[in-house]
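Contents: one structure, followed by commentary.
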Amino acid sequence: MRTEAWVMDASPLILFSRVERLDLIERLAPAVEVPDTVIHEVLNGVGWDKSALAGADWAKRFRVPDLSLPVNVERWNLDSGESQVISHCLRGGRWAVLDDQAARRCVQSLGLLMIGSLLKHCSNARLPRLARPTTSEKVATSLGTLVLKPSAASSENGANGHDKVEF
């Protein structure tokens, strides 16, 4: 199945906006979709997170209308943005881009494709408080693995040399 789009939820969108790397999403995703409800959720956070405005402005370029929620999504009682992301993914060939644990369980139970922002999956709970990297440092380090880079294996093996994405 060919992946047609990454369907973004508010949390990853705001995170990438905070570190001023929304460009990575465009570079990595074959296409991007952001449901109307997600854009509204991002805009609701502008009062306490100024980066949300840049995220919402960026997301408007990829706006898609909300869908009616199928029963198999509605029964999970998720946030409306996450429910919309999952509903769009049920149309096939899309990746759900979200961080919420319950939403990720729902996606998994439905057999859909998903990814999340790497920051949510970087645990530093065991590090002493002063040794813990800042959010920006963690994201910058984590995002380094997302940047398209030539595959050493493809160069060594004389393969097509296409860029690959390492996660």
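Quick notes
- Subset of the range 79-91 that is under 17 Å from the mean Cα position of the chain (by Cα) and part of a loop (DSSP other than H, G, I, E, B) - its residue that is surrounded by the fewest Cβ atoms within 10 Å (Cβ to Cβ): Leu90
- Failed item, numbered, when Ile14 is tested on (1) touching a residue at least 12 places away in the same chain (Cβ under 8 Å); (2) surrounded by fewer than 19 Cβ atoms within 10 Å (Cβ to Cβ): (2)
- Scanning the range 30-55 for residues that are farther than 16 Å from Asp99 by Cβ, in contact with a strand residue (DSSP E or B) (Cβ under 9 Å, 6 or more places away or on another chain) and among the hydrophobic types (A, V, I, L, M, F, W, C) yields Ala31, Val32, Ile39.
- One residue stands out among those in the range 27-42 that are at pLDDT below 95 and not in a loop (DSSP other than H, G, I, E, B): the one that is nearest to Arg94 (Cα to Cα), which is Leu28.
- Residues (under 15 Å from Ser17 (Cα atoms) and over 16 Å from the mean Cα position of the chain (by Cα)) located in the range 29-43: Leu43
The values are calculated or read from the model by the stated rules, or taken from the named source; none is laboratory data. Worth saying up front: this structure is predicted, and the values here are computed from it rather than measured. Cβ sites come from the backbone with ideal geometry, for glycine too, and all protein chains shown count toward neighbours.
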